[in-house]
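The values are calculated or read from the model by the stated rules, or taken from the named source; none is laboratory data. Just so it is clear, the structure is predicted and the values come from calculations on it, not from any experiment. Backbone-built Cβ (ideal geometry, glycine too); neighbour counts: all protein chains shown. Ligands, DNA and RNA are excluded from the accessible area calculation, which covers all protein heavy atoms including side chains. Shrake-Rupley method; radii C 1.70, N 1.55, O 1.52, S 1.80 Å.
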Amino acid sequence: MAGFLDRAKEQAQRGLAQGKEKMEEVQAQRAGSDLLRRLGAAYYAQQRGSGSPAEVQQALSALEQHIAQHGDGFLRNP
């Protein structure tokens with residue numbers, strides 16, 4: 001009986017770890033999408049005359065930093 005409980009506990013811990021990993025991946029994708037949207041808004045504002053190149057550069061730098069840490073997988077997901 002103890003062996004069964006040990007295996008069940010191990011499986012539950014693996015499931016929790018996989019769930020946590022997936023959740024972190026989804027959060028990173030959402031953050032990347034938000035940064036990409038921010039870059040687009042900054043660029044649009046600059047083109048319309050109400051934004052600045054510095055705002056575009058700041059948004060681009062934040063996006064590049066995110067990509068360096070988490071990859072660019074969010075760019076391929078709809």
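The set of residues in segment 6-25 being more than 14 Å from the chain's Cα centre (by Cα), of a type in the set (Asp, Glu) and modelled with pLDDT of 90 or more consists of Glu10 alone.
Conditions tested, residue by residue: (1) open to solvent by 70 Å² or more (accessible area, probe 1.4 Å); (2) farther than 25 Å from Ala62 by Cα; (3) touching a Phe, Trp or Tyr at 6+ places or on another chain (Cβ under 8 Å).
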{"site": "Ala8", "(1), (2), (3)": "no, yes, no"}
{"site": "Glu25", "(1), (2), (3)": "yes, no, no"}
{"site": "Gln29", "(1), (2), (3)": "no, no, yes"}
{"site": "Ser33", "(1), (2), (3)": "no, no, yes"}
{"site": "Gln47", "(1), (2), (3)": "yes, no, no"}
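If you go through segment 52-78 and keep only what is open to solvent by 80 Å² or more (accessible area, probe 1.4 Å) and in a helix (DSSP H, G or I), you end up with Pro53, Glu55, Gln57, Gln58, Glu64, Gln65, Ala68, Gln69, His70, Leu75.
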